[in-house]
Structure formats: structure tokens, C-alpha cells
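K.L.:
Got a structure for you, questions after.
The values are calculated or read from the model by the stated rules, or taken from the named source; none is laboratory data. Every value quoted in this text rests on a predicted model; they were computed, and no experiment measured them. Heads up, the Cβs are rebuilt from the backbone with ideal geometry, glycines too, and the neighbour counts pull from every protein chain shown.
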Ligand code: GAL
């Protein structure tokens with residue numbers, strides 16, 4: 001570990017059955033020994049609460065704590081995460097375990113941070129058992145107060161679903177056809193909250209026993225089942241697990257986007273890349289290895305996007321168990337012949353010289369409005385098009401900005417937007433009055449908004465905002481959508497810009513009636529030929545762009561360029577294709593990260609002379625050569 005520059009270890013994540021071999025016995029000797037060894041070696045510990053995989057003795061004695069799927073299938077022990085989040089037995093026993101661990105190690109000199117559970121919801125995001133049903137009813141009583149209000153919120157007159165007693169209400173289990181959408185939406189909220197209660201239960205024990213030790217739990221990038229905005233409020237440090245597929249050419253973009261989300265979840269505070277591979281995972285159909293340099297490159301990318309720590313799953317490759325073919329820092333074979341080991345050692349050495357990066361932050365002037373509740377509601381079935389997926393629509397706007405080296409944050413639609421100049425709202429289907437007022441105020445104060453189709457359609461009960469689509473934003477955008485014309489897969493439509501540039505739109509089109517907006521582009525083929533496709537409304541303060549289709553990449557980039565130039569946004573640097581440029585800064589210090597995602601060397605124009613933080617060399621104006629998957633971290637002018 002010292003050779004690799006390891007200074008923090010996550011420990012005992014799946015050790016419950018080792019620590020507590022039965023209900024009344026505890027075995028801490030082995031853990032005492034490891035904690036002691038790490039301490040002597042100068043390595044700190046991110047100690048797990050070990051609650052992610054209950055021991056077989058517990059579920060054997062209490063099979064009712066095992067989770068149940070929507071179709072009634074019970075999931076058994078023998079893998080991991082086999083617990084119903086609402087189970088009182090699980091919660092009591094998890095609480096006991098955390099208490100015992102915190103009492104034993106809360107003042108251990110090696111302890112740096114608590115790691116609660118592990119990847120909450122990863123395998124079992126929701127449980128549909130009778131205990132969960134009870135929990136759901138209690139949650140609904142809290143939310144609605146009366147059964148009449150619940151009936152109204154769920155629109156239960158439709159299909160004779162009216163409830164006359166709380167006891168009749170169950171989770172959205174398997175039904176003959178679509179369960180009530182408002183019920184499904186509430187079940188997603190409830191399930192995220194039920195797991196959050198498990199986290200909170202542990203967090204409370206930890207903050208009572210060790211108020212000065214920071215607490216984290218590892219997130220999973222854009223993980224749909226958990227509303228991480230709510231979760232992140234209860235974490236001292238946001239941490240993330242990131243496993244982009246090395247064989248997917250878009251992985252760098254996706255990893256950048258996940259990093260931006262983590263930074264945003266923490267309100268700009270530094271986050272930790274908690275898990276990544278040195279090389280291969282074991283859980284895809286085909287597990288391509290990382291080519292030389294890619295692990296190092298993606299580690300630097302995390303730093304560039306605001307992480308102050310980079311860790312790996314896992315230290316030593318296991319000999320047995322379901323993950324024995326997952327790569328590790330120490331492989332099955334000798335380290336000397338492992339390229340991944342050498343890359344880890346190199347990274348560890350380089351990171352020792354990068355402390356100064358921790359004094360800086362990554363900042364964005366553009367933000368994407370992102371709301372888990374809207375994502376859940378958007379992707380419930382029975383829509384004009386089930387091909388409209390939230391992450392695809394976010395990526396459609398993120399991609400051109402990533403390619404242009406424009407840094408992007410994510411923000412909840414009701415969050416303070418005053419620090420941004422440009423706000424993007426990709427298919428923001430569900431909006432509350434609060435969010436609507438927030439977006440309007442942002443434009444009134446001079447901000448630029450770019451909204452895309454199927455935004456502002458429903459309220460937080462998944463009821464249509466009546467009065468023509470998108471009712472909340474008709475004034476803001478200066479238009480009304482008469483009806484949706486979604487496009488079948490493989491069918492696209494011409495989109496003609498005012499200057500003659502012809503593009504294609506896919507996935508979606510719609511019949512737009514403009515009241516007071518400039519038409520940036522019109523549909524050029526199909527039923528809607530000649531009608532507006534992309535518009536912009538000038539306000540006294542800022543402006544509001546709208547796209548009624550999903551234009552091809554070049555056309556989207558064009559609209560974003562227009563929006564950026566209205567908002568006065570400039571890129572971090574101009575770089576050749578495939579080279580990512582990101583700046584971190586603070587108090588007159590500026591650090592430029594240049595990341596070559598290509599598998600050939602490139603030359604990058606440098607405008608500001610600087611010093612390489614990796615090897616101390618001077619970097620002059622002119623062209624800087626970056627090797628294939630090479631990295632430069634430059635101190636600019638200080
Ligand atoms: C994560 C998990 C680790 C390990 C890893 C494999 O989901 O936290 O325990 O399973 O994936 O890639």
C-alpha cells in the first residue's frame with residue numbers, strides 16, 4: 001500500500017457475519033489487528049458499518065425481513081443486500097451492529113471516516129412485502145392526511161380505484177395492466193425515503209458517538225431509484241462509484257457527467273471517487289480490460305471535475321466468491337508483471353505532488369435542471385412516446401458542452417440559480433409551482449434558459465397542468481404546444497434554420513403555435529413542415545430558448561452556441577477533438593487539466609504559460625504534446 005501511495009482504505013464493508021457470528025457473539029480480533037496494522041503503516045481508514053449484507057443467521061431466524069419483488073417473489077440470502085428496507089428486525093439489528101462498531105473504533109487513531117452500508121438500493125431498490133405496505137401507508141398518511149386527499153392526488157375515480165380505507169392500499173404490485181401512475185410515483189418516493197431512513201438510523205448512532213468523524217455512503221452516479229438530492233443533504237462527504245465501460249466510446253463523457261453530478265450534489269464541495277477499477281469488472285457480458293493509461297486518465301478526470309480523492313474497488317483480487325474475476329490493485333498473479341499495478345503506483349506517486357489541487361474548486365456557469373421525481377414520472381409507462389428517456393435527453397444537451405469544454409453543474413429545479421448564466425431544462429416533465437417561479441425569476445434577472453420538449457407537463461401528483469402545453473412555461477417561452485407528434489424509431493424530420501442550415505430531428509416533433517417568440521428553425525418535412533421547431537423569446541432580462549424536437553448533434557451544438565453566446569459563456573480552452581479541458585480555481589490560483597481521451601498523441605495549443613504539476617516542467621505558449629491517453633495538469637501564471 002505504501003508503494004502505491006495508498007493513504008485511505010475502505011474496510012469491512014461486507015463483514016457483518018464475521019464481526020457477529022451469531023446474535024450474541026462478537027469477533028473484533030481480526031479487525032483490531034488490521035486497523036492496527038494500517039495505523040502503523042500510516043494508512044487511514046474509511047470504516048464501514050457493515051450493514052449491507054445481513055448474516056444468514058439473521059434472515060434464517062426472521063425470513064420476513066427478506067425483500068419481495070412486485071410479483072411476489074421473495075429474494076433469499078446467499079448473495080448480498082437481502083433485506084427489506086422497512087423491516088423492523090433489520091433496522092434494529094443494523095442499529096446494534098453500528099453501535100458496537102462505533103463504540104469499538106470510534107476513537108481509533110486510524111479512523112478517518114464512516115462508510116454507511118454500501119451502494120444503498122443497488123440490488124434491491126424497493127420491496128413490495130406486507131411490512132413495506134404498512135410503511136407505505138404510514139408514509140401516505142403523513143403526506144396526505146386524509147383518504148379523500150389521497151384519492152384526489154391519485155385520481156382514483158379513474159378505473160374505479162377509489163379507496164375507502166387505508167388498509168386497502170398496497171404497493172404497486174404486479175397488476176393486470178398499468179398500476180395507477182400517481183401511486184407508482186409515490187412508491188418511488190417512499191422507497192427512496194425508506195432506504196434513506198436506514199441510512200439516517202445509522203448516521204444518528206454515528207453522530208451521537210463520534211460527532212467529529214465525517215460520514216459518507218457511496219453513490220452510483222445517475223442511479224434512478226434514489227433521490228440523491230435528499231440523500232446528499234445528510235452526508236458530510238459525497239462519494240461515488242464509477243464503472244464506465246472501456247469499450248463504450250462515450251464513457252469519458254458519461255464519467256464527466258457523473259463527476260459533475262457529484263460535485264453538484266455536494267453544493268460544490270470536494271467529493272471522493274470511492275470505487276473504480278484498475279482494470280476489468282466481472283459483471284458485464286464481456287468485460288473488456290482498461291487499455292494502458294485509461295485508469296490514470298479517468299482518475300485525473302475525477303480530480304478535474306472536483307474530486308479530491310481517488311480510490312479503487314478493490315485492494316486484492318479475491319480467490320473465491322462471485323467477484324473473483326473482478327480486477328484489483330493487487331492481482332491474482334505477481335504484481336511485477338501487472339501493468340495495472342505499475343499504473344497504480346505511478347498514479348500514487350503523481351498524486352503525492354498534487355495537494356495544491358485541493359485548494360481549488362471546479363466552477364460552472366451553466367447548469368442542467370435535474371429532478372429525480374421528474375425522471376421517475378417521465379419514465380412511467382403509457383406516454384406519447386416511451387422512447388423519451390431522461391438520461392438520453394440530458395446527454396443530448398451535455399454532450400456538445402462537454403465537447404466544447406464548457407463546465408456544467410446540475411441543479412434541482414427549485415434550487416438557487418443565481419450563480420448561473422445559462423440554465424438547461426431537458427424534458428423536465430414534472431414541475432411544481434415553486435420550480436416554475438424559480439425558472440421565471442432566473443430569466444427575469446437576466447438569465448438564459450434552454451428548455452426542451454415535454455417539459456412542464458404535470459404537477460407533483462402527475463396530473464396534467466391544464467390550459468395547453470406546457471402551461472407553466474407558455475409565457476416564458478412565448479408559445480403553446482397544440483399537440484405532440486412523437487416520431488417512430490428510425491423516422492426523422494427535417495429541421496431548417498433561418499440561415500438555411502438544414503438538420504434532422506428525431507424522436508419527437510410537435511405542433512407549436514408561437515405567440516411572441518423568434519423562430520430559430522422550422523420543421524422542413526412531414527405533417528408539420530413549415531411550422532416552428534426551435535424558438536427563442538427575448539425578455540427584458542434574459543431569454544428563453546425552446547426545442548420542440550431532438551435535433552442531431554450538430555444542430556443541438558448550434559443552438560447551445562447561440563444560448564452560450566447570449567449568456568456570455570466561454571469554454572475553458574479550445575482543444576483538438578477528443579481532448580477535454582477543465583479548469584479548477586480559487587483565490588487567484590488557476591489549474592488547467594488537459595485530458596487526451598484519444599489513443600494517439602495530440603498537440604494542444606497553450607495560450608498561458610504555466611508549470612506542470614505532475615513533473616514540475618515549464619510549459620510555454622505554443623503546442624503541448626500529450627501522449628495517447630496522456631494528461632497535463634498546469635499551474636497557470638502563479
Ligand atoms: C460495486 C460494489 C462493490 C463491488 C463492485 C464491483 O457495486 O460496491 O462491492 O461489487 O461494485 O464492480
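K.L.:
Identify, by number, the condition in (1) assigned to a helix (DSSP H, G or I); (2) in contact with a helix residue (DSSP H, G or I) (Cβ under 9 Å, 6 or more places away or on another chain); (3) more than 24 Å from residue 228 (Cα to Cα) that residue 148 doesn't meet.
P.N.:
The number of the failed condition is (2).
K.L.:
Separate question: How many of the residues making up segment 594-626 are within 22 Å of residue 248 (Cβ to Cβ) and in contact (Cβ under 8 Å) with a residue 60 or more places away in the chain?
P.N.:
Of the residues in that region, 4 qualify.
K.L.:
Further, regarding this structure: In the set 316, 305, 280, 284, which member is away from the ligand (no atom under 14 Å from the Cβ) and modelled with pLDDT of 95 or more? So that I can check it myself, show each step before the final result.
P.N.:
Values: 316 fails: away from the ligand (no atom under 14 Å from the Cβ); 280 fails: away from the ligand (no atom under 14 Å from the Cβ); 284 fails: away from the ligand (no atom under 14 Å from the Cβ).
One residue alone meets the criteria, 305.
K.L.:
Among the residues in segment 538-545, are any surrounded by 19 or more Cβ atoms within 10 Å (Cβ to Cβ) and out of contact with any helix residue (DSSP H, G or I) (no Cβ under 9 Å at 6 or more places or on another chain)?
P.N.:
no
K.L.:
Separate question: When the residues of segment 4-62 are narrowed to those that are without any contact (Cβ under 8 Å) to a residue 24 or more places away in the chain and in a loop (DSSP other than H, G, I, E, B), which ends up farthest from residue 111 (Cα to Cα)?
P.N.:
24
Okay, residues lined up against (1) within 18 Å of residue 94 (Cβ to Cβ); (2) within 16 Å of the ligand (Cβ to nearest atom):
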{"residue": "12", "(1), (2)": "yes, yes"}
{"residue": "25", "(1), (2)": "yes, no"}
{"residue": "33", "(1), (2)": "no, no"}
{"residue": "38", "(1), (2)": "no, no"}
{"residue": "41", "(1), (2)": "no, no"}
{"residue": "51", "(1), (2)": "yes, yes"}
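K.L.:
Would you mind stating whether residue 623 is surrounded by fewer than 16 Cβ atoms within 10 Å (Cβ to Cβ), in contact with a strand residue (DSSP E or B) (Cβ under 9 Å, 6 or more places away or on another chain) and not in a loop (DSSP other than H, G, I, E, B)? Walk me through it before giving the result.
P.N.:
Details: surrounded by fewer than 16 Cβ atoms within 10 Å (Cβ to Cβ): yes; in contact with a strand residue (DSSP E or B) (Cβ under 9 Å, 6 or more places away or on another chain): yes; not in a loop (DSSP other than H, G, I, E, B): yes.
Against the criterion (surrounded by fewer than 16 Cβ atoms within 10 Å (Cβ to Cβ), in contact with a strand residue (DSSP E or B) (Cβ under 9 Å, 6 or more places away or on another chain) and not in a loop (DSSP other than H, G, I, E, B)), residue 623 qualifies.
K.L.:
Does residue 601 count as at pLDDT 95 or above, surrounded by 15 or more Cβ atoms within 10 Å (Cβ to Cβ) and either in contact with a strand residue (DSSP E or B) (Cβ under 8 Å, 6 or more places away or on another chain) or under 17 Å from residue 354 (Cβ atoms) (or both)? Write out each step before concluding.
P.N.:
Details: at pLDDT 95 or above: yes; surrounded by 15 or more Cβ atoms within 10 Å (Cβ to Cβ): no; either in contact with a strand residue (DSSP E or B) (Cβ under 8 Å, 6 or more places away or on another chain) or under 17 Å from residue 354 (Cβ atoms) (or both): yes.
Judged against the criteria, residue 601 is not a match.
K.L.:
Could you tell me how many of the residues in segment 93-121 are more than 15 Å from residue 31 (Cβ to Cβ) and part of a strand (DSSP E or B)?
P.N.:
Result for segment 93-121: 2.
K.L.:
Against the conditions (1) within 16 Å of the ligand (Cβ to nearest atom); (2) buried (at least 17 other Cβ atoms within 10 Å of the Cβ); (3) more than 24 Å from residue 118 (Cα to Cα), where does residue 300 fall short? Just the number, please.
P.N.:
That leaves (1) as the condition not met.
K.L.:
Report yes if residue 324 is within 16 Å of the ligand (Cβ to nearest atom), touching a residue at least 24 places away in the same chain (Cβ under 8 Å) and closer than 27 Å to residue 228 by Cβ, otherwise no.
P.N.:
On the way: within 16 Å of the ligand (Cβ to nearest atom): yes; touching a residue at least 24 places away in the same chain (Cβ under 8 Å): yes; closer than 27 Å to residue 228 by Cβ: no.
No; evaluated as a whole, the condition is false for this residue.
K.L.:
Next question. Which condition breaks for residue 207 when tested against (1) touching a residue at least 60 places away in the same chain (Cβ under 8 Å); (2) in the same structural domain as residue 90 (by TED's automatic domain parsing); (3) in a helix (DSSP H, G or I)?
P.N.:
Of (1) touching a residue at least 60 places away in the same chain (Cβ under 8 Å); (2) in the same structural domain as residue 90 (by TED's automatic domain parsing); (3) in a helix (DSSP H, G or I), only one is false for residue 207: (1).
K.L.:
Assuming residue 449 fulfils every condition listed in (1) more than 17 Å from residue 373 (Cα to Cα); (2) surrounded by fewer than 24 Cβ atoms within 10 Å (Cβ to Cβ) apart from one, which condition is it?
P.N.:
Failing condition for residue 449: (2).
K.L.:
Every residue in segment 227-247 that is at pLDDT 95 or above and away from the ligand (no atom under 15 Å from the Cβ), please.
P.N.:
227, 228, 229, 230, 231, 232, 233, 234, 235, 236, 237, 238 - these are the residues of segment 227-247 that are at pLDDT 95 or above and away from the ligand (no atom under 15 Å from the Cβ).
K.L.:
Something else about it: Quick one: would you say residue 275 is assigned by TED's automatic domain parsing to the domain that holds residue 78, at pLDDT 95 or above, within 14 Å of the ligand (Cβ to nearest atom) and closer than 25 Å to residue 584 by Cα? Spell out how you get there, then give the answer.
P.N.:
Details: assigned by TED's automatic domain parsing to the domain that holds residue 78: yes; at pLDDT 95 or above: yes; within 14 Å of the ligand (Cβ to nearest atom): yes; closer than 25 Å to residue 584 by Cα: yes.
Here the answer is yes, as residue 275 does meet what is asked.
K.L.:
Could you figure out which of (1) more than 16 Å from the ligand (Cβ to nearest atom); (2) crowded, with 19+ Cβ neighbours inside 10 Å isn't true of residue 351?
P.N.:
Single failed check for residue 351: (2).
K.L.:
Based on this model, can you work out whether residue 86 counts as away from the ligand (no atom under 16 Å from the Cβ) and either buried (at least 22 other Cβ atoms within 10 Å of the Cβ) or modelled with pLDDT under 95 (or both)? Step through it out loud before you land on a result.
P.N.:
Details: away from the ligand (no atom under 16 Å from the Cβ): yes; either buried (at least 22 other Cβ atoms within 10 Å of the Cβ) or modelled with pLDDT under 95 (or both): yes.
Yes.
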